[in-house]
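The values are calculated or read from the model by the stated rules, or taken from the named source; none is laboratory data. The structure presented is a predicted model; accordingly, all values stated were derived computationally and were not measured. No Cβ is skipped: glycine too gets one built from the backbone with ideal geometry, and neighbour counts run over all protein chains shown. Protein only, heavy atoms only, side chains kept; ligands, DNA and RNA dropped before computing areas. Shrake-Rupley method; radii C 1.70, N 1.55, O 1.52, S 1.80 Å.
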Amino acid sequence: MNLAIIKGKTEFLYANSRSLMILAKFLIDDIGFGKIDSIINWINNDTYKSVVLNASYLVKNNDKINIYFFYDEYGKEENKKRERFAISKNNLIEIIKTWKYNHIEGPPSDVIIKNEGEITKIEIVPWFK
C-alpha cells in the first residue's frame, strides 16, 4: 500500500511513492486554505481540458485527471518523462471536499493519504480526541 502523511495544515512529512507526493503537494500548495468551488467547477466543466495552478497543472484525460507538479527537475517545461498522479474525477472531488471541510475547517489534525489500487483515500487524524 502506498501512503503519504501531511502534518498539520501545511507540512509535507512523508510519502513512499512519488505519485502520492504529487497529490499531497497539490493539496497543500494548490487547494490549501482557498476556495474549492472553482477547481470543482473546472473538473465538472468539459469546456477546459487543462488548468495551471500555483504549483501544479491538471489535465483531463477522459474520466481521469492527471496532476503534474512544477517543482521537480523539469520546472514548468513540458516533458513526457515528468511523473504524474492520475485519479478519477469523482475520487478527486471527494478528496478535495474531505481536505477542505474535515481538515482545513476542522480541528487540528494530520492527514494520511492511502492509495489502494484504483481508489485513493484520505484519512483525517485529529490531534486531540
Original post:
Summing -39500 (n - 2.57) over the DSSP H runs of n ≥ 4 in the chain and dividing by its residue number, what mean residue ellipticity at 222 nm do you reach, to the nearest 500 deg cm²/dmol?
Top reply: -5500 deg cm²/dmol
Original post:
So how strong a dipole does segment 1-75 carry about its Cα centre when Lys and Arg Cβ are +1 and Asp and Glu Cβ are -1, to the nearest 20 debye?
Top reply: 100
**OP:** Please give the residues of segment 1-36, grouped as numeric ranges, whose backbone N is less than 13 Å from a label point set 7 Å along the Cα-to-Cβ vector of GLU116.
**Re:** 1-3
**OP:** Would you indicate which of [x] -0.75, -0.92, -1.15, -1.20; [y] -0.23, -0.50, -1.35, -1.59; [z] -0.29, -0.57, -1.22, -1.37 is the value of log10 I(q)/I(0) by the Debye sum over Cα atoms at q = 0.09, 0.13, 0.21, 0.23 Å⁻¹ derived from the coordinates of this structure?
**Re:** [y]
Original post:
How much of the accessible area of the chain, probe 1.4 Å, is carbon plus sulfur, in whole percent?
Top reply: 49
Original post:
At ASN16 and GLU105, where each label point lies 7 Å from the Cα along Cα→Cβ, what is the point-to-point distance in nanometres?
Top reply: 3.3
Original post:
So what is the accessible area of the chain per residue, in Å², with the probe set to 1.4 Å?
Top reply: 58
**OP:** For TRP42, TRP127, TRP99, give the ranking by accessible area with the largest first, probe 1.4 Å.
**Re:** TRP127, TRP42, TRP99
Original post:
Mind checking the dipole of the chain: about its Cα centre, +1 per Lys or Arg Cβ, -1 per Asp or Glu Cβ, Debye to the nearest 20?
Top reply: 60
